[in-house]
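Right, one structure below, let's go through it.
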Amino acid sequence: PGKTAGTELIARLHHGGFDLIATHMYVDASEPDPESGVRREVPLNPRHSAGIDFLWEFEGRARLGLEAFFTGRQSLEDSPYLDQSLRYWLFGVIGEWRVGKARIFVNAENLADYRQTKHVPIVRPSRAPDGSWLDDEWGPLDGRVFNAGVRLRF
């Protein structure tokens, strides 16, 4: 009974040590509402999402990347707070350096610290029809994320 249609666009521009990658996804997904039988948007499926990555390579010694991701509104099911989620952007950066046979990398995600819980609570004021105390997750819950590591080549 579900119907889905959509498009995906990926474009890449490479020039010298620079790469620019842009993506856009469009999804039109619908299903019958269990109560009324009338077609509705499938919950938790953004119609539009997009991303842009900018990568800069320093002649095999290092790489630096900047990224931004957009997530459009999503229909929500039985949320006591919103009928549709909020749109949001996520930003990140990654760096990698070669040192001999090792590659050292650092990565930072969600630099703007966007969190669903800054806008609406995740805990419901009363139980959902299925007995759950938690509302749907439609955006990041964990805030900024940082990690680093070493890759070894043998």
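Annotations
- Checking residue 88 against (1) touching a Ser or Thr at 6+ places or on another chain (Cβ under 6 Å); (2) modelled with pLDDT under 95; (3) among the hydroxyl-bearing types (Ser, Thr, Tyr), the condition it does not meet: (2)
- Residue 34 satisfies every condition listed in (1) touching a strand residue (DSSP E or B) at 6+ places or on another chain (Cβ under 9 Å); (2) farther than 23 Å from residue 139 by Cα except (1).
- Residues in the stretch 42-96 that are farther than 22 Å from residue 121 by Cβ and charged (D, E, K, R): 47, 53, 57, 59, 61, 63, 67, 96.
- Every residue from the stretch 46-68 that is outside any loop (DSSP other than H, G, I, E, B), surrounded by 15 or more Cβ atoms within 10 Å (Cβ to Cβ) and out of contact with any Asp or Glu (no Cβ under 9 Å at 6 or more places or on another chain): 49, 50
- Failed condition for residue 9, given (1) assigned to a strand (DSSP E or B); (2) surrounded by 16 or more Cβ atoms within 10 Å (Cβ to Cβ); (3) not acidic (Asp, Glu): (2)
- Of the criteria (1) more than 23 Å from residue 150 (Cβ to Cβ); (2) free of Cβ contacts under 8 Å to residues at least 24 places away in the same chain, which one residue 99 fails: (1)
Yes/no per residue for (1) open to solvent by 70 Å² or more (accessible area, probe 1.4 Å); (2) not basic (Lys, Arg):
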{"site": "97", "(1), (2)": "yes, yes"}
{"site": "106", "(1), (2)": "no, yes"}
{"site": "112", "(1), (2)": "no, yes"}
{"site": "116", "(1), (2)": "no, yes"}
{"site": "124", "(1), (2)": "no, no"}
{"site": "127", "(1), (2)": "yes, no"}
{"site": "135", "(1), (2)": "no, yes"}
{"site": "148", "(1), (2)": "yes, yes"}
{"site": "154", "(1), (2)": "yes, yes"}
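- Only a single item in (1) surrounded by 17 or more Cβ atoms within 10 Å (Cβ to Cβ); (2) over 21 Å from residue 21 (Cβ atoms); (3) in contact (Cβ under 8 Å) with a residue 40 or more places away in the chain; (4) of a type outside the set (Phe, Trp, Tyr) is not met by residue 73, and it is number (3).
- Any hit, the stretch 24-40, residues being closer than 23 Å to residue 103 by Cα, modelled with pLDDT of 95 or more and open to solvent by less than 60 Å² (accessible area, probe 1.4 Å): no
The values are calculated or read from the model by the stated rules, or taken from the named source; none is laboratory data. Bear in mind the structure is a predicted one, so any value in this text is a computation, not a measurement. All Cβ positions, glycine included, derive from the backbone under ideal geometry; neighbour counts span all protein chains shown. Note: areas computed on protein heavy atoms with side chains; ligands, DNA, RNA excluded. Shrake-Rupley method; radii C 1.70, N 1.55, O 1.52, S 1.80 Å.
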